[in-house]
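Remarks on the structure that follows.
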Amino acid sequence: MGLSGCSLKSVVTNEKSLPTAFTATAEVDFDDTIYEMLLTRWSDGWWNIELTSPAIVSGLIFDVKGEETTISFKGLNFTFDSSKFPVGSVVALVTKSFDKLVPLELDVTEGTESDYCSGETNGAVYTLTFSKTGIPQILELGDSDDENYMRITFVDFELITSESEGENETTEETTEYDIIIEEE
């Protein structure tokens, strides 16, 4: 489904898909709070997320490896089954939403400054805004009136190329990613 009204010119649509692997800095507006996070997505269900703001959650690191998630904070670690992630967790909503959208072929409408698409997947309404180069800029989940509305703004976004993917090419059963984050 395309989002129309972006331009008075003729509507041009393209099919695009979201990048499979990337690193990004994002601002997430959810439940009356603005979260800032560093995101790395390796593949479906494989993420590393560090919350950097607000101060109360700054330093929490989520290492999601398929069916297992480890939460780290100042040297303390807790590992649990990823399916047991709290339903309203901002981290779970970000990862699961993006994981649901990545395999889709999105019908993108070209605008004058950005490209857009909107639709529904598994009962969740979404709107995506892309730069003219195809990089995601904003992902909105739900209606802005809805209490579960979430807006993810990508401050920066870098693709993990197929060359670097090949270096880390793994299957869930064989390899873990080690991410080292130095504390100041």
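No lab work stands behind these numbers, since they all come straight from the coordinates. No experiment lies behind these values; they were computed from the predicted model shown. Cβ atoms come from the backbone with ideal geometry, glycine included; neighbour counts cover every protein chain shown.
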Taking the Cα-to-Cβ direction at residue 81 and at residue 148 and moving 7 Å from each Cα, how far apart do the two end points lie in nm?
2.2 nm
Segment 66-137: trypsin sites (Lys or Arg not before Pro) in DSSP loop, at most 15 other beta carbons within 10 Å
74, 132
Rounded to the angstrom and largest first, Cα extents along the principal axes for segment 14-62 equal 39, 22, 15
Give the shape of segment 42-109 as rounded, prolate or oblate, defined through the alpha-carbon gyration tensor: a ≥ b ≥ c are the square roots of its eigenvalues, a/c under 1.5 means rounded, and otherwise the shape is prolate if a/b is larger than b/c and oblate if not.
prolate
Which value in nm describes the separation of the simple spin-label points at residue 58 and residue 135, placed 7 Å from the Cα toward the beta carbon?
2.5 nm
Can you bin segment 1-151 into rounded, prolate or oblate? Criterion: square roots of the alpha carbon gyration tensor eigenvalues sorted a ≥ b ≥ c, rounded for a/c under 1.5, prolate for a/b above b/c, oblate for the rest.
prolate
